[in-house]
Structure formats: structure tokens, C-alpha cells
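Some notes on the structure that comes next.
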Amino acid sequence: MSMESLLETFFAECEELIEALSDGLGRLAAGESGDDLVNAIFRAVHSIKGAGGAFGFEDLVSFAHVYETVLDRIRGCLLAIDAEVLRVITRAADVLAELVENAQNEGSGTPSALAQVRSALEGYAGVAPAAPLHEPSLDFAPMAFEPISFDLDTPESGGRWRFVPDATFYRNGHEPLHIFSHLRAVGDLKVSCDFAEVPSLDGLDPDGSYLVWEIESSDLTEDVIQQTLQFLAGLYELSLVEDTVVIPDVEDQPSRPVSADTPAPAKTANATPASPRATLRVDPERVDRLINTVGELIINQSVIGQKVGGLGLEQNSELLSALEDYRYLAREIQEAVMSIRAQPVKPLFQRMARVVREAAEATGKDVEFVVTGEGTEIDKTLVERLADPLTHMLRNSVDHGIETVAGRAESGKTPVGTVRLSAFHRSGHVVIEISDDGKGLDREKILASAIGKGLVPEDARLSEQEIDNLLFMPGFSTAAEVTNLSGRGVGMDVVKTAITSMGGRVTIATEFGRGTTFSIILPLTLAVLDGMVVSVAEQTMVLPISGIVETIRPARKDVKSVGPQEDVILVRGSFVPVVALGKALGFASPHQSDPTYILVETESSGILALSVDGIWDQRQVVIKSLEGNYGNIPGVSAATILGDGKIALIVDIEAIAQLAASTGSGPCLSEQGIVA
Amino acid sequence: MSLKEKLKVMIVDDMSVSRGLLFQALEEIGMKNILSSKSGEEAFGLLTRSPAHLVISDYNMPGMSGLDLLEKLRRNSGTAKMGFMLVTGTPTPEVLERGRKLGLNNLVRKPFTSDSLKTSIEAVVGRV
Amino acid sequence: MSNATAWADDDVVEFVSLTSGGQAFCVEIAHVREIRRWSEVTSLPHASPSVLGVINLRGAVIPIVDLSLCLGLGPSPSHARNVVIVASVNSRIFGILVGSVSEILSIRRDEVRKNPTQMKENEPNYITGLLTVGDGEMLRILDLTELVIQGPERG
């Protein structure tokens, strides 16, 4: 292992430890208590300090040392946890996390809260503890430990085991006596037989196995025995008999009783400890490769399916049922592989708790941060890319959304503002909401500001939604005075761009005086999609099922013309505007003689009816990006490869709605949304 | 075969970084026969099946601590005589006392270097 | 090239010679991943006319550009008889439809001549240099970086 890869491991491990730390602190804050909890918190800080020292991160180690000292006092019941202590140790976790980040980024910056939190910690630590990095700790006399040498000729082996053959062992004609002579050829062996399990004659199954053999050896090891008896694998159990060795003078030590009479169950020896979260670190490129290959497998499976389907075999033929197994297995693998990349948003949300605390501190506001749905899983790559947009949006919520304590009192609100961060799944998407109970958007001010900046013409008449969306325009900033928190030159337009690049959207809901909610709607995963295969203008295309409400073939009289190129369909009493998909995509489509209509739901335009030439199939497709080798195509989100190896484009329903609105080929949508 | 090539060492630490650092240092010293495990429970299981000459264990681990592991090893006849070194940053008098009673062979102070580790090992097995 | 081995590696550049719109060109072999027969494409909406569509290259979606159209030499007459050069530039992979591919040339670097005829100012300059081969025929060296930036994205 090279030093770099160790360092990489260190930072990955720190991330886990900081997660465990904020987890523990969260549980403390929620009123839980107990030695285990405090111990876990202590251990997280201690481990960061320990490994940090090895890499010479002095700032990190010296802060962790003070932090750990305070936690140790709490652990030893020398310091009781009150609200203030809890606040300090929670802030300390933030500072520690920031120090780790600094170390990782090789930044020299000092966390702004470092000095303050450190002195608060030192207050609780009693005396200011010495930095432990170079000088030996002053906590105890110089190492008062006399090394004890030991005999290297210690037998490296030997022990006592219980050998329990099962009934099959005897049924297969094996004979314990032969087995033991086999072992004697390898090492020294003493054998005794335990008859305790043998039932009385009336309960005896003549084919059963009741004898237990105890074997003792001075030079065999378990591995050697298992190896020698390889040919019997599965026919016997071998378990170590733990002996008690009396250790003098340990009565005063809390010790676990070890019983010599009851043999340990066979599995004790290799039982894995219950660890809170065992993880495997894998190079993401390998996972990507796996996901791609599995994608190919799914395509290959459908190619074979199609070919075999064309053979006209009988329904119950062996080939078809084998093919069905193949399909099932391929799906299983696909699901398993996809779940490798799925990750709960929890660590991200924990980082955001830090962001909110810092923002509250910087603005002097009282903010309660409420998180829900932190177990919601999304693609790992999305988790990482969400950090910056969320940070910005949460800072905004605290800075611009939540009022000052005085301001809240004036509006008759509770002094503590609430910022909520939640994640949940909704119809094939992940939704992340950032909401506050602050003052809401002031649309008059926003519009005036946009006009003042020349972003919209003076006589513009905008809908409420359009005004809200002005926030996302480049060059827009609402803060009357630039605060040191949000006014860092990053606008909401950057947020929107970041979300869009992930295939997501942002929407705003606000009520003046009551608060604002930003919703980020993201695709569940970047790799697979349930789609409906349709034909449009002699092309095969895929519509994501997630956006489809239903497919209809209306009676001719229900399709009504409202303009030269504009149709609506009467669906259960309401008119739904029609968008010709081929036309919206710019394909010269011959007149559709008998189109099928697919009702889709869009964020910006509500329900639309997309007209297509025909519907072929409904299936899961593997998403292939077009951007890498080509670029962005309006109205198309990606491509996929169909069973025959041909490429089909995947339609971006939301973008189609916007294209239709902007080109006027569809319904008049000027009241709805701004085309970005 | 020289001693350092013969010596079979088991590293026990819950942090993979620390395992890596110990591994690196031991390799630098010239050890060839190094095993590692990530908890006392796992180490005990491995050591009962295939013993080592020397165990180098972290003190602070979730579940079974380094000293708990030492006690368990000492109480089991097949593993009772193994060499055992405890890795710790700031050993408290209680830790030292319990270690002494359990026949702890030596301490390794954190942070360690391959030289300091070598010194600690040589203090108990002789020149490697 | 019999005397190619006598040159230092650094001094030699290898080119693939090709025809497009009835004229002779060549591209640096370092950019060429493979040469394949034409296969049916899937058209792309809102694409420039020179982008014929995309094909499935062993699971990857790659665009196919008609070189002849890109160079203003009119559309390639019959796709089916033409050849696609799969090229990789700046980690982007794309196919170029050409008339035919003839041979691989090893050329000493100092034999590559600058293109003296600068094209019209606002026109993308695909031709970065000129080569003369054995019988005095002139080959134009195509800059695929220019092509991939100007070509597929222009639409």
C-alpha cells in the first residue's frame, strides 16, 4: 500500500467516522444516553486523532485531542451533558469535519469557528491539554512499562477440538477410525469419545449420528485438520474447545467468564463481529464498467428473446423456459448492480446540518433544522453533485428566507425559524425539498429588481410563476444588501444549471409571509429507465413511463381543432392540448392518418397529449448518454439500444413541452413557465 | 531463514488506515509473514485456527478492546503464550495495570514509525 | 515504406489516406480507432445536415458525420458503398463517412508542409497541412479536432 492510497483510505475512513460522530451527537440531542453511545462518539474522535497523527496533520490532531479530552470527561461522568455542552461538542464535530476537509484539500485555511469552539472545549477540558503529537502525554508518568520478552518456540499449534460427523458421514461408508489414522499420519493425536448424546434404545434412529469425538493434538492446527479432511467437507463439524488458562491476579479486573465445560458452537471461531456498517471501497470506474456490461447483458438478453420468439416454438418448450430463467437472472444482476451505486442521502444531509448551523451562527438567527427521509437512496454520483447546490440553497433559506428574531416576533411567529430538508421518492423520481417558514418571496421586489437590472423589459407582464423563476436568471440577486453569507457571487442560476446537468429540475412554491419551498426533482438513477417504445415520423423512440399518465385512442369527434396547427382532445370532460411529437422534434412528419395519443404529465405545462404513429412495446431500457460523443439535443434526454441493436432516442417529455410552448406548434402556454 | 522472515505477526485494528500503516511499517522492517484482522473477535477466530508468534493490536476498538482480546487469548490454551503488543496513544494507568496482569509483552506508542515499532518488537523477541 | 525503420520514431507521423467527395485527404492515424462498413443510422432531431445520425458501436452511441458535406463537397452519393472511419479526439468518439480508405503512410515530420492557402476567414479550417506522396499526388491533412468541434456541435 502506498502512502497516497493509505491517505486516501484515511480520508474515506474519516468520512465514515464523522458520519458516526454526527449520528451519535444527533442521538444525544434526541435525548438518548448510555455508555455505548458516548463511547462510540469518543471512539470516532479518537480514531481520527490516532490516524491523523500518523500523517502529521497537526491542526487536526491538536483539535481532536482537546475534543477527545472533553468527551473522555463526559464518558467518565466528570462532565454532565447540558444544552451548552451539547452545543459545543456538536459545533466541535463541525470544526473537526472542516479540519479533515482542509487536510484533504491541502488547504491551509482555518475554520472560522475554530478558535471559539476550541476555547469553549478547553473550558470543559479543565486544564488546557498538551498537544500530543510530539511530546509524550503528560497524563501519566513516562512509559512505565517493562517489555516482557517471550519464547519464540511457543508451539504455533495444538489444541482440542470436537469432531462431530453427521448421519451422511456414516451413510457414505466413512469410518471414524480411518479418519483418525489419516490425521495421525499428519500429526500427533489423542482421541476420546463422548457418548452423552446417544439416546436410549427406544429413541435411537439406527441411521442417526450420535457420537462426538474429542481430538487433541500438540502440533495440528485447525487449518491443517480441515485440509486433511477436505474429502469429507460438509459431512462433519469441527469446533474448538476453549480451555481456561488461569491468569493469576486478575480477580479485580472485570472479565468475561469463559466456560470450559460447554464447547463453543462450531461457528464461533469465524463468526464476524457485528460492525455497524461494513463497507467495501471500490474504484467507481469498476462499478461503471460493471453497470455498462450489465446494460449490454440486458440488451443481449432481449436480442436473444426476440430471435427465439421468432422461431415459433411451443409455449412450454425447454428453450423458452431456460430463456425465461436467463431473463430473470439478468434482471436480478441488474438490480443488484444498480444498488451498488445507490446510497442514502444521510451523509449529505448531515453535512447540510453543518451548513445550516454555520449559517445561523453567521446571521445571528435562531434556526431549527429538520431533516426527513434521510434513508432515501439515490445514485452515488448524484449525492456528490448535490452538495454544492444544496449548500447554496440552504444558506439562502437561512439568510434570505428566515427572518431575524425581532422580525419573526413582529409577524407573530415563533422566535425559532424552521428550515426543512426532506427527500422522498415520487413516481420514478427523487424529490429533495428545501423549505423554510420565513418571509416568502416578495414578488414585487423581485420584479422591480429584475427590471432595474434590465433582465426583463419594463412593461413585462409576468405570471407569479414566471416572477419566481426570475431567481434562476443569471445575474439576479435579491439581497438588498450583500451579506457575508450568501453574497458570494454564486447565484441561483448556478444552482439551476447544476441540477439541470444532473437531469433534474427545480421548482419554487412560495407564500408571502409564510415561507418558501424549493423542490429539486431528480431521476432515480442515471442508468436505466422504464420506457414505452413508440414510432414517430419513421423513427423508433422511447418515452419514459414515469411521465406517462395513459394512452388513448379517442373517437374522431373528440379531437378538435382550435387553430390551423393546434388540436385539443376532449378527455373525460376537459380539453387537453395536443403536441405532435415528430413535429416538436423537428422531423418532417407526413400527416398522421390515425395517431395514437399518449397523455403525459409535465411540470411546466400540466397534462399534454403527445401524438405518435404507434406504440410498440413497454420495456426497461439502458440509458446511453449522447452528450459524451455528441452533445445536447433539444427534446431528447439520451439514447438506448433496442433488441435489434438499433439505437432509439429517449424523449425528454419536459423539454418537449417547453419546445412546443416556444415554437407555438403546440398549445399557447405563455402563462406557464419561462423557457430556460 | 532469518527471524524477521520467520516471525508470523497478526495485526488487529478496526481502522483500515492503521492496519495499513502497521503493515507498511512491518514490511519495511522486513517481515514477510503478516496477517491482519479488523476486530478482536475476528482475530481470535483466526488465531485459534492458525496461531501467530506475535499479535500487534490497537487498544481502542468497538466491541472487544485490545486488552479484552489479550485476555481471551491468554485464557485459551492454544493461544495463551503468544506475544502481544498493544498500540495506544495515551495509555492510562488502568490500561497499563491490566496489561501487566494479563502478561502484555510491550506497548507501541502512537504515532509510531517503523523504527520505533522495530525497537518495541526487538525488546520482546530479540534482534530481528 | 521500406526505409521507415531508419528514422527515429519521433520524426515519423503515420497517416491514413482517404477520399471524400472525389478528393484525396489524410488523417493522423493516432486518432483512428477502426474502419468499418456503413451501417444504418438513427437520425437526430435538430442536427446539422452533416450529422447523419448515431450508430451503436458495441454498446456506445456514436455520431456519424458526412465528411463530404462538412467540407462543402456535397452529400456522399451512396452511403452503403462508403466507409466509416471511427475516430477518437479529446475522448470523444465519432464516425466519419468517407468515400474510401486507401493506405497507411509513414511520413517524416519535416515533409509535412503548412497549408499555404488560408481559407476564408470565417470558415473553419479543417486542413492543417499538405503532403506529397510518391507520384507527386498531393494529400490534404484533415484536423479532426476542428472537425469534431465545428462539425457535430454546429447543429
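The values are calculated or read from the model by the stated rules, or taken from the named source; none is laboratory data. Just so you know, these numbers come straight off a predicted model, no measurement behind them. For neighbour counting, all protein chains shown are included, and Cβ atoms are generated from backbone atoms with ideal geometry for every residue, glycine included. What goes into the accessible areas is simple: the full protein's heavy atoms, side chains included, and nothing from ligands, DNA or RNA. Shrake-Rupley method; radii C 1.70, N 1.55, O 1.52, S 1.80 Å.
To keep it simple, each residue is scored yes or no on (1) more than 15 Å from A:Ala423 (Cβ to Cβ); (2) out of contact with any Ser or Thr (no Cβ under 7 Å at 6 or more places or on another chain).
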| position | (1), (2) |
| --- | --- |
| A:Lys346 | no, yes |
| A:Arg354 | yes, yes |
| A:Ala359 | yes, yes |
| A:Ala362 | yes, yes |
| A:Lys365 | yes, no |
| A:Glu368 | yes, no |
| A:Gly375 | no, yes |
| A:Lys380 | no, yes |
| A:Val383 | no, yes |
Test for A:Gln592: is it at pLDDT 75 or above and assigned by TED's automatic domain parsing to the domain that holds A:Met541: no
Within segment B:5-17, considering residues that are part of a helix (DSSP H, G or I) and out of contact with any helix residue (DSSP H, G or I) (no Cβ under 6 Å at 6 or more places or on another chain), the one surrounded by the fewest Cβ atoms within 10 Å (Cβ to Cβ): B:Glu5
Selection within segment C:41-66 - touching a residue at least 60 places away in the same chain (Cβ under 8 Å) and under 17 Å from the mean Cα position of the chain (by Cα): C:Ser50, C:Val51, C:Pro63, C:Val65
Single residue of segment C:120-129 satisfying the filter (closer than 30 Å to C:Arg36 by Cβ and out of contact with any Lys or Arg (no Cβ under 9 Å at 6 or more places or on another chain)) that is modelled with the highest pLDDT: C:Asn125
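Residues are listed down the side, and each one gets a yes or a no for (1) at pLDDT 85 or above; (2) closer than 25 Å to A:Ile291 by Cβ; (3) open to solvent by less than 30 Å² (accessible area, probe 1.4 Å); (4) touching a Leu at 6+ places or on another chain (Cβ under 8 Å):
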| residue | (1), (2), (3), (4) |
| --- | --- |
| C:Ala30 | yes, no, no, no |
| C:Leu69 | yes, no, no, no |
| C:His79 | no, no, no, yes |
| C:Val84 | yes, no, yes, yes |
| C:Ser91 | no, yes, no, no |
| C:Leu97 | yes, no, yes, yes |
| C:Ser100 | yes, no, no, yes |
| C:Glu103 | yes, no, no, no |
| C:Asp110 | no, no, no, no |
Qualifying strands (runs of 3 or more DSSP E) (wholly inside segment A:337-379; at least 1 residues being in contact with a Pro (Cβ under 7 Å, 6 or more places away or on another chain), assigned by TED's automatic domain parsing to the domain that holds A:Thr418 and in contact (Cβ under 8 Å) with a residue 12 or more places away in the chain): A:377-379
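For segment C:103-110, does any single residue satisfy the condition of being hydrophobic (A, V, I, L, M, F, W, C) and under 28 Å from A:Glu538 (Cβ atoms)?
No, segment C:103-110 contains no residue that is hydrophobic (A, V, I, L, M, F, W, C) and under 28 Å from A:Glu538 (Cβ atoms).
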Test: A:Val612 is at pLDDT 85 or above and within 26 Å of A:Pro474 (Cβ to Cβ): no
Residue within segment B:61-80 that is farther than 26 Å from A:Leu220 by Cα, open to solvent by less than 30 Å² (accessible area, probe 1.4 Å) and β-branched (Val, Ile, Thr) present: no
When residues of segment A:42-92 are limited to those that are acidic (Asp, Glu) and free of Cβ contacts under 8 Å to residues at least 60 places away in the same chain, the one most open to solvent (accessible area, probe 1.4 Å): A:Asp59
Residue selected from segment B:102-115 under the condition open to solvent by 50 Å² or more (accessible area, probe 1.4 Å) and without any contact (Cβ under 8 Å) to a residue 60 or more places away in the chain, by the criterion farthest from the other protein chains (Cβ to nearest Cβ): B:Asp115
Meets criteria (surrounded by 24 or more Cβ atoms within 10 Å (Cβ to Cβ), at pLDDT 85 or above and within 8 Å of chain A (Cβ to nearest Cβ)) for B:Gly83: yes
Any hit, segment B:42-62, residues being more than 8 Å from chain A (Cβ to nearest Cβ), free of Cβ contacts under 8 Å to residues at least 24 places away in the same chain and out of contact with any helix residue (DSSP H, G or I) (no Cβ under 6 Å at 6 or more places or on another chain): no
In segment A:191-230, residue farthest from the chain's Cα centre (by Cα) [restricted to those that are charged (D, E, K, R) and loosely packed, with under 12 Cβ neighbours inside 10 Å]: A:Asp202
Tabulated pairs, segment A:395-413, first assigned by TED's automatic domain parsing to the domain that holds A:Glu358 and more than 11 Å from A:Val355 (Cβ to Cβ), second small (Gly, Ala, Ser) and open to solvent by 60 Å² or more (accessible area, probe 1.4 Å), C-beta under 7 angstrom, 6+ apart or interchain: A:Glu403/A:Ser411
Selection count where residues are within 19 Å of the chain's Cα centre (by Cα), surrounded by fewer than 16 Cβ atoms within 10 Å (Cβ to Cβ) and of a type outside the set (D, E, K, R), scope segment A:398-437: 4
Counted residues, segment A:364-394 - those being closer than 13 Å to A:Ala353 by Cα and open to solvent by 60 Å² or more (accessible area, probe 1.4 Å): 3
Qualifying strands (runs of 3 or more DSSP E) (wholly inside segment A:590-658; at least 1 residues being more than 14 Å from every other protein chain (Cβ to nearest Cβ)): A:596-602, A:606-612, A:614-622
Residue match in segment B:75-85 (condition: hydroxyl-bearing (Ser, Thr, Tyr) and touching a Leu at 6+ places or on another chain (Cβ under 8 Å)): yes
